[in-house]
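Engineer: Sharing a structure below in structure tokens format, with a few things to ask.
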Amino acid sequence: MAYQQGDTITAADYNTFASNVNAVIGTGSGAKGYGLSEISSLSAGATITAAQWNSLLSGLQKAANHQDTTLTNASNTVTTGGNILPLSNLAADITLIDTNADNVDASNMSTAQAGITSSRTSSWSGTITHTFTVDFSNQNAARHFFNSGGKIHMLIARSGGSSTDQNTAWTNLGSGLGTVTMNATDTTKSGGSYGTNTNVGFRDLTSSNQTIMSAPIGSGDYTANDILIQAKSDGSGLVTIQIDLNDDHAAETGTYTGGGLGTAPNEGTGWTGTDSVDGTISSTVTFDKADNASYVQVASPSFANTATL
């Protein structure tokens, strides 16, 4: 191994280091890659210049700063005409940014960026759906968005309308679920009352819908009501998310008897209670993305509604 004190640092050594750093900061594959410009490799026998050595250390430091990873060697740059000395922990530092590839310093993120919304003010029952697409233009851009800490947030809320138990149940379901967040590896919710976190994130998506969040009320008169969120990916950078609001509560029924409305001509006539949701129901989508131009910065995806509430 030539990369040690007293030996020449070869192009092969340099290319190995550059390749390993590029796997994290460059195009990468699968769960690795931030989408930054890659460090150029050297031809066999080439002399390593100060600029080339510094580009290697710069790429290493960009990854570390994005992740909030502490390195040993990245600040050891050289000037033109200076000697490139072996850095004893360089390989370990590169391994460290690879290990911490999913980490992100929150200060490097733009958060709560506007995505898309859908709302409804007319009364409803049964199922209403908000389906939207998140277009990253290509699959690499989608990977880089999520690999660098990107997230998609969804919030369901109901307000206003009449004072009914049905409306209250839907208000509580939205607030009890809270913000639903899909990242690279899983989907979580911020509320404590309803919903179950899943281990389905962007990397798990296929061309068929998968449940990323299910939130039934769980008990009480409106236990059949629930929010179901599913997602899929076409493998070319287009993610589709479907949010179903299911009002499966069955309205009470009966027969008029015993005076009042039960007297003729209503006696014995069947009745069905009111079972609709009114007021304003809304679905609000936002996103976070890596957005530090000095370290890692990715493009914003575009959003489009394909079904509205």
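The values are calculated or read from the model by the stated rules, or taken from the named source; none is laboratory data. Only a predicted model underlies this, so the values are computations on that prediction, with no experimental measurement involved. Using ideal geometry, Cβ is built from the backbone for each residue, glycine included, and neighbour counts are taken over all protein chains shown.
Engineer: Can you name every residue in segment 243-282 that is modelled with pLDDT of 95 or more, part of a strand (DSSP E or B) and in contact with a Lys or Arg (Cβ under 8 Å, 6 or more places away or on another chain)?
Structural biologist: 280, 281, 282
Engineer: Please give the strands (runs of 3 or more DSSP E) falling wholly within segment 95-204 in which 1 or more residues are on the phi > 0 side of the Ramachandran plot and in the same structural domain as residue 295 (by TED's automatic domain parsing).
Structural biologist: In segment 95-204, the matching strands (runs of 3 or more DSSP E) lie at 109-120, 126-135.
Engineer: Take residue 295 and tell me if it is modelled with pLDDT under 95, in the same structural domain as residue 178 (by TED's automatic domain parsing) and surrounded by 15 or more Cβ atoms within 10 Å (Cβ to Cβ).
Structural biologist: Against the criterion (modelled with pLDDT under 95, in the same structural domain as residue 178 (by TED's automatic domain parsing) and surrounded by 15 or more Cβ atoms within 10 Å (Cβ to Cβ)), residue 295 does not qualify.
Engineer: So, in segment 72-94, exactly how many residues are of a type outside the set (S, T, N, Q) and part of a loop (DSSP other than H, G, I, E, B)? Let's see the steps before the verdict.
Structural biologist: Within segment 72-94, the subset of a type outside the set (S, T, N, Q) is 74, 78, 81-82, 84-87, 90-94.
Still in the list and also part of a loop (DSSP other than H, G, I, E, B): 74, 78, 81-82, 84-87.
Final tally of qualifying residues: 8.
Engineer: I've got another one for you. What is the residue count in segment 197-242 for residues that are modelled with pLDDT under 95 and among the polar types (S, T, N, Q)?
Structural biologist: The qualifying residues number 3.
Engineer: Can you spot a residue in segment 224-241 that is among the small types (Gly, Ala, Ser), under 15 Å from the mean Cα position of the chain (by Cα) and surrounded by fewer than 16 Cβ atoms within 10 Å (Cβ to Cβ)?
Structural biologist: No, because not a single residue in segment 224-241 is among the small types (Gly, Ala, Ser), under 15 Å from the mean Cα position of the chain (by Cα) and surrounded by fewer than 16 Cβ atoms within 10 Å (Cβ to Cβ).
Engineer: So which residues in segment 27-50 are surrounded by 14 or more Cβ atoms within 10 Å (Cβ to Cβ), touching a residue at least 24 places away in the same chain (Cβ under 8 Å) and more than 17 Å from residue 99 (Cβ to Cβ)?
Structural biologist: 27, 35, 36, 41, 42, 48, 50
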